[in-house]
Amino acid sequence: MLKLPPLNAVRAFEAAARHVSFSKAAEELNVTRGAISRHVSLLEEWLGTELFRRTASQLSLTDVGRNYHHEVKTVLTRLAFASNYLVDQSVPTVLRLNAPPTFTMRWFIVRLSAFQRRLANVDIQVTAFKTPVNLDSGEYDLAIRGGIAPLDCCISRPFLTELVVPVCHPDLVTEGGLRSPNDLRNHTIISFTTESYRWPEWLNNIGLPRLQPQALLKFDPMYFALQAALEGLGVVMVPLFLVIDELVTERLCAPFGMLGARARQYYVSYPHSAPALPLLETVGDWLVKEGNETNELIASWIASMGWDPQAEPAGPRLLAAEDGSRLHTH
């Protein structure tokens, strides 16, 4: 059983701490100043510590009081949001999401109808940018990014594994003689500006650091590079989760299997103290469910091909950006 403090006293303390004034808290809660003072004293007695410093001319929070107010405000905000959400579910809630462009186009949008059925009253605003996102600015409620580690400044939940390998149109194998990595000398390599695992790294890792392809195509964003591969223009290094449907239906193939494969995670991130935290956690749960299904589909496909999915485990050094940052976008 939870041991809770007197809730009226907690409410009085939160208002008094926010205003740093018993009088203003009393006005807000429509009670007397004396009632606020008694509630705060009751809470201090229950906690066994002082929350305010009181002098004849000034009221201020103690360090303990300041920290306690931060936690109390977060809890009350979440309680208010969850309660209002249940009381009137006919009022739409706006969810502002920032995600990488190709991820949004190839993975997120095709699953969006399922999310809308689950939370029909939520209005979704999706912005697809490649630039870093500052969730503390309040511009977005949550962000999706790929990286080798979660963000430290907020809640970051891994929901999807990014396994990167070379893929191409099957005709390059059956008609173009692309049988081994050495054959890339006679083919076009396709790259894009936001690669998390670059061709030189892959070639170095498989023991061909000096190999030069016949030609190079470079695109921005990744979506164009993928489309070029689908048209048979060359070989591209991409996350399997973005092309698993094409691999299963044999519109694309992985000519070298899992050779030199690298893995990292996609994270959904949101602030610890966001007012809409219950909704954001629901979104996170949904993404984890969808991500697990995609991961299982990829694992099943790899097993059906008889390949070892752990051929080359991820390495933070090689997945880090050139500027030293830990997160990349596609």
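Rule-based calculations on the coordinates, nothing more; no lab input. Bear in mind the structure is a predicted one, so any value in this text is a computation, not a measurement. A quick note on method: Cβ atoms are made from the backbone with ideal geometry, for glycine too, and the neighbour counts reach across all protein chains shown.
Quick notes on this one:
- Of Gly260, Gly284, Gly176, the residue with the greatest mean-square motion in the GNM of the chain, using alpha carbon springs below 10 Å, is Gly176.
- Each of Gly34, Met222, Asn292 was placed along the dipole of the chain (beta-carbon charges, centred on the mean Cα), and the one lying farthest toward the positive end is Gly34.
- Ranking Ala9, Leu252, Gln116 by how far each Cα lies toward the positive end of the dipole of the chain (charges on Cβ) leaves Ala9 at the top.
- FRET efficiency for Asp123 and Ser21, using Cβ-Cβ distance with R0 set to 45 Å, rounded to 0.05: 0.75
- Likely footprinting exposure, Met305, Met105, Met222, fewest C-beta neighbours within 10 Å first: Met305, Met105, Met222
- Partner aspartates and glutamates for Lys289 [C-alpha distance under 16 Å; skip if fewer than 8 residues away on the same chain]: Glu162, Glu281
- Annotation for the stretch 13-88: GluC sites (Glu not before Pro) lying in DSSP loop with at most 16 further Cβ atoms inside 10 Å of their Cβ are Glu50.
- Helical segments meeting 15 Å axial Cα length and Kyte-Doolittle -0.5 threshold in the chain (DSSP H): 7-19, 33-47, 63-87, 277-304
- Considering helices alone, the calculated mean residue ellipticity of the chain at 222 nm is -12000 deg cm²/dmol, with DSSP H runs of length four and up weighted by -39500 (n - 2.57) and normalised per residue.
- Its Cα centre serving as origin, the chain has a Cβ charge dipole (Lys and Arg +1, Asp and Glu -1) of approximately 760 debye.
- Exposure proxy order (Cβ contacts within 10 Å, fewest to most) of Asp245, Asp63: Asp63, Asp245
- Here the simple spin-label model places points 7 Å from the Cα toward Cβ, and for Asp308 and Leu112 these points are separated by 4.2 nm.
- Assigned charges on the beta-carbon of Lys, Arg, Asp, Glu; the stretch 98-157 dipole about Cα centre (debye): 420
- Reach of Lys73 by Cα under 14 Å, taken over aspartates and glutamates that are not fewer than 8 positions away in the same chain: Glu14
- With the cut-off at under 19 Å, measuring from each backbone N in the stretch 237-259 to a point 7 Å along the Cα-to-Cβ line of Phe219 picks out 237-255.
- As a ratio to 2.2 N^0.38 Å, the alpha-carbon radius of gyration for the stretch 7-87 is 1.09.
- Considering only beta bridges that DSSP places wholly inside the stretch 88-330, some 55 percent are antiparallel.
- Cross-link partners of Lys218 among lysines, defined as those whose alpha carbon lies under 23 angstrom from its own and excluding same-chain residues fewer than eight positions apart: Lys130.
- Relative intensity, log₁₀ I(q)/I(0), of the chain from a Debye sum that treats every alpha carbon as a point, q = 0.07, 0.08, 0.11 Å⁻¹: -0.43, -0.52, -0.79
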